[in-house]
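This report concerns only the one structure given below.
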Amino acid sequence: MKSSKSLKAFLGLVLGLIAINIAGNYVFHRFDLTADKRYTLSETTKNILKNVEAPLFIEVYLEGNFPAEFRKLQTETKQLLEEFQAYNGNVNFVFVNPLENEKDMKQMAEQLFVNGMKPINITVNDKGKQTQEMVFPWAIATSGEKQAKIQLLKSAFTASTEEKIAASVQHLEYAVSEAINRITTEKSKKIAIIKGIGEPNDLYIADFLRSLRDHYYIAPFTLDSVATNPQKTLKDLQQYDLAIITKPTKPFDENQIEVLDQFVMNGGKSIWMLDNVQADMDSLYNKTGEMLAYPKDQSLVELLFKYGVRVNPDLVKDEIGSPIKLAVGQEGSETIYETFNWKFAPSALSSSNHPIVKNIEGVKFDFANSIDTLKNNIKKTILLSSSPYATKIGTPSVVSLGQVVNEPPIDPQKAKTMQPIPLAVLLEGSFTSVYKNRVIPFKIDGYITEGKPTKMIVISDGDINRNQLDQNQQPLELGYDKWTNMLYGNKEFLMNSVNYLLDDNGLINLRTKEVKLPLLDKEKVYADYNKIRTIVVGLPLLVLAIFGLIFTYLRKKKYAK
């Protein structure tokens, strides 16, 4: 009877397990027990993964002997990719050490570097011995013939290693989803790069153009034909989703302004990178080390004023500037350089939670102008500002390299009353035409004075997308300063701006996802080192001793009988 009941129980258990396994083939669910739900994929990511209909491979270069911080990044990356794979079995991944083979190590490192994947050096402790290891914190997503790079480590030069890892983990889902979306979705959006306005040579904005080309269709668009056929020019421009205006040095005529205005009225997006003062570093590098900074007219004041902003003909001078290297003398045949704080190059940071600027590195400006926001029906979001310790310098005025040495620091009392100065502003809403209640330069079919909902970004620096050149006159990465070996967030900011303006699947909003990694407070650990060591080492031994005494007592009591 007893064996019969046991058999029935066993058969019931077996049938129950079979039923659970069958149900598991049809019902999919994974439980995320983290407080911040870091492994719960967003609906945007799920929609992107649904489009992965062919095998997709992700090769992650995070394998090797890493310190604890990098092992954390390695673990978080692996766990996130497991979620991707669990949701869509076409996603496959592998972790490899690209420098494992000592024979091919140099060749492999050079190949990765040429492909835009820059390494970092980390310190590894091995049995008390410290060694420097080169690490490539990157991944490559491949589907068919398409590839996309994935940057796994945020290059924040102002942050500690722990803060970099925390920021990188927060950025992971966006970085991987964006790469997968790039290689599984055909490009559809079109960007017009406005030409014929005295803009910089393409060589100096080459890295920005290359980055745009990876995501969108881009083409030069000249406004020269406005003079002969303005209606056709407008019609052609309206075939594009976004217009980018970079550092115009020629004034716009009325016909050109109407074309741009009607492009905005009909829902076209735009990015304006403007200098309202003639000033650049090239003009400073002369025998005197001085230049005259003076206002320049681009005939855009009324247009932008109507939209709700004003770019002023002044210079922003920030006590928290960017480093600059200057020659200070000779030692034999060698030139001696020193690093100074260049106050006319603000390194703008943002504490905003907006997806364009959240978790990005400081953006370097050169001879930026202040921006005023004006009251109208347009929503305005200040994306980037100077530090609170900045002043406005009126023009015309003389700017000198000697100011980095001879100028006294700002008065502390004055600093208390200062406020950040806006340098980049996002405008969203239905704009009003600058020609409302005015005579229009030319008549067009479908002319409107109250626009469709759209967005634009106004930046008070025409050089924000300018890359430097190497010794072979080839473009370097946007944001990289070869003189100080620092990488600023210019490229990420501009690409985020374009993605936000053109994003129609919500991918950019993944940047606001909050992932909170508990960081170790090293100062507190050092202050309470003896106490913590006693607890960590002594408490387990004490518990073990108490358990042993109790066990011995109970054993003696049991067998004493």
Exercise for the section: State yes or no: is Gln231 among the polar types (S, T, N, Q), touching a helix residue (DSSP H, G or I) at 6+ places or on another chain (Cβ under 7 Å) and on the phi < 0 side of the Ramachandran plot? Expected result: no
Picked from the stretch 232-247 (must be charged (D, E, K, R) and touching a residue at least 40 places away in the same chain (Cβ under 8 Å)), the residue surrounded by the fewest Cβ atoms within 10 Å (Cβ to Cβ) is Asp241
Note on the stretch 124-147: residues in a strand (DSSP E or B), modelled with pLDDT under 80 and open to solvent by 60 Å² or more (accessible area, probe 1.4 Å) are Asn125, Asp126, Lys129, Gln130, Gln132, Glu133, Met134
So, first residue without any contact (Cβ under 8 Å) to a residue 12 or more places away in the chain in the stretch 429-444, second residue open to solvent by 30 Å² or more (accessible area, probe 1.4 Å) and of a type in the set (Asp, Glu), Cβ within less than 8 Å, six or more apart or across chains; the pairs are none
Scanning the stretch 210-244 residue by residue, those of a type outside the set (Phe, Trp, Tyr), within 27 Å of Asn181 (Cα to Cα) and either at pLDDT 95 or above or not in a helix (DSSP H, G or I) (or both) turn out to be Ile218, Ala219, Pro220, Gln238, Gln239, Asp241, Leu242, Ala243, Ile244
If we take the stretch 258-344, then strands (runs of 3 or more DSSP E) inside it with 3 or more residues that are open to solvent by 70 Å² or more (accessible area, probe 1.4 Å) are 290-295, 322-331, 334-342
Cβ pairs under 9 Å, 6+ apart or interchain, first in the stretch 370-387 and among the acidic types (Asp, Glu), second open to solvent by less than 30 Å² (accessible area, probe 1.4 Å), ordered by first then second residue, are Asp372/Val309; Asp372/Val311; Asp372/Asn312; Asp372/Pro422
Expected output for the stretch 207-227 (first residue open to solvent by 10 Å² or more (accessible area, probe 1.4 Å), partner of a type in the set (D, E, K, R) and in a strand (DSSP E or B), Cβ below 8 Å, 6+ apart or cross-chain) is Tyr216/Lys190; Tyr217/Lys190; Ile218/Lys190; Ala219/Lys190; Pro220/Lys195; Phe221/Lys195; Thr222/Lys195
Filtering the stretch 453-494 down to residues that are among the basic types (Lys, Arg) and over 18 Å from the mean Cα position of the chain (by Cα) yields Lys455, Lys482
Only unsatisfied item for Pro251, checking (1) under 25 Å from Asn467 (Cα atoms); (2) surrounded by 15 or more Cβ atoms within 10 Å (Cβ to Cβ), is (2)
When the stretch 490-503 is checked residue by residue, the ones that are modelled with pLDDT under 90 and open to solvent by less than 10 Å² (accessible area, probe 1.4 Å) are none
Condition set of a type outside the set (S, T, N, Q) and without any contact (Cβ under 8 Å) to a residue 60 or more places away in the chain, scope the stretch 285-308, selection farthest from Gln256 (Cα to Cα): answer is Lys287
Can you say whether Lys358 is in a strand (DSSP E or B) and surrounded by 13 or more Cβ atoms within 10 Å (Cβ to Cβ), as far as the supplied structure shows? no
Scanning the stretch 431-446 residue by residue, those touching a helix residue (DSSP H, G or I) at 6+ places or on another chain (Cβ under 7 Å) and over 17 Å from Asn376 (Cβ atoms) turn out to be Ile440, Pro441, Phe442, Ile444
Among helices (runs of 4 or more DSSP H) completely within the stretch 36-119, the ones holding 3 or more residues that are touching a residue at least 40 places away in the same chain (Cβ under 8 Å) and of a type outside the set (D, E, K, R) are 43-50, 68-87
Any chance Ile271 is within 30 Å of Thr395 (Cα to Cα), of a type in the set (A, V, I, L, M) and within 25 Å of the chain's Cα centre (by Cα)
yes
Check your understanding: Quick check: is even one residue across the stretch 508-529 at pLDDT 80 or above, among the aliphatic types (A, V, I, L, M) and out of contact with any Cys (no Cβ under 9 Å at 6 or more places or on another chain)?
Key -> no
Selection from the stretch 163-194 of residues of a type in the set (D, E, K, R), buried (at least 16 other Cβ atoms within 10 Å of the Cβ) and farther than 23 Å from Gly89 by Cα yields Lys164, Lys189
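The values are calculated or read from the model by the stated rules, or taken from the named source; none is laboratory data. The structure displayed is predicted, hence computed values, not measured ones. Every residue, glycine among them, receives a Cβ derived from its backbone with ideal geometry; neighbour counts consider all protein chains shown. Ligands, DNA and RNA are excluded from the accessible area calculation, which covers all protein heavy atoms including side chains. Shrake-Rupley method; radii C 1.70, N 1.55, O 1.52, S 1.80 Å.
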